[in-house]
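Read the structure below first, then the notes.
Laboratory data are not the source of any read-out in this text; all were calculated from the coordinates shown. All values reported here derive from a predicted model rather than from experimental measurement. Cβ placement follows ideal geometry from the backbone for every residue including glycine, while neighbour counts extend to all protein chains displayed.
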């Protein structure tokens with residue numbers, strides 16, 4: 001791997017994190033009534049996404065849909081089998097309950113993502129289209145469901161109103 005390859009991967013990670021950070025900053029600005037600042041953060045977040053996608057494209061990590069699904073399943077599986085269990089244990093040992101909760105709900109949702117991606121792989125391999133359904137995401141824990149949101153999130157207990165449909 002060349003130094004430029006390493007730099008592209010590092011830049012992708014940094015731009016991706018900046019995107020998420022700026023979206024969080026935009027939410028906070030909206031909560032505080034600073035709508036113009038929120039718009040600025042959202043615009044900057046979109047620009048960071050453009051940068052990240054350019055870097056990712058150049059690294060060649062975006063492949064066929066089937067290969068991308070395989071990559072997604074591998075990543076989600078690593079997270080719920082190896083990464084998050086260690087993080088949960090550490091947070092519990094250190095007595096940081098909010099972090100343990102955050103890691104725990106993410107761990108549970110990563111399992112769901114792996115199943116949804118695997119379902120898509122099965123459909124593609126069998127040359128079938130996935131059933132046309134909407135997906136909903138719990139705004140509290142990230143739980144991802146097909147069809148319609150449940151009355152109560154089975155992961156975190158949030159009410160149906162906390163689910164949103166990604167655009």
> In the range 62-94, which residues are outside any helix (DSSP H, G or I), within 25 Å of residue 4 (Cβ to Cβ) and over 17 Å from the mean Cα position of the chain (by Cα)?
Replying inline: 63, 64
>> Suppose we keep only residues that are within 14 Å of residue 79 (Cβ to Cβ) and touching a helix residue (DSSP H, G or I) at 6+ places or on another chain (Cβ under 8 Å) within the range 110-128. Which one would you say is surrounded by the fewest Cβ atoms within 10 Å (Cβ to Cβ)?
In response: 111
>> I'm trying to understand the selection: among the residues of the range 95-104, which are within 20 Å of residue 16 (Cβ to Cβ) and assigned to a loop (DSSP other than H, G, I, E, B)?
In response: none
>> Exactly one of these conditions fails for residue 26: (1) within 28 Å of residue 119 (Cα to Cα); (2) touching a helix residue (DSSP H, G or I) at 6+ places or on another chain (Cβ under 7 Å). Give me its number.
In response: (1)
> Any idea how many residues of the range 139-167 are surrounded by 12 or more Cβ atoms within 10 Å (Cβ to Cβ), on the phi < 0 side of the Ramachandran plot and not in a strand (DSSP E or B)?
Replying inline: 14
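Conditions tested, residue by residue: (1) farther than 30 Å from residue 118 by Cβ; (2) touching a residue at least 12 places away in the same chain (Cβ under 8 Å).
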{"position": "14", "(1), (2)": "yes, no"}
{"position": "33", "(1), (2)": "yes, no"}
{"position": "38", "(1), (2)": "yes, yes"}
{"position": "43", "(1), (2)": "yes, no"}
{"position": "50", "(1), (2)": "yes, no"}
{"position": "54", "(1), (2)": "no, no"}
{"position": "61", "(1), (2)": "no, no"}
> Can you pull out the residues in the range 60-85 that are surrounded by fewer than 14 Cβ atoms within 10 Å (Cβ to Cβ) and farther than 19 Å from residue 122 by Cβ?
Replying inline: 60, 62, 78, 81, 82
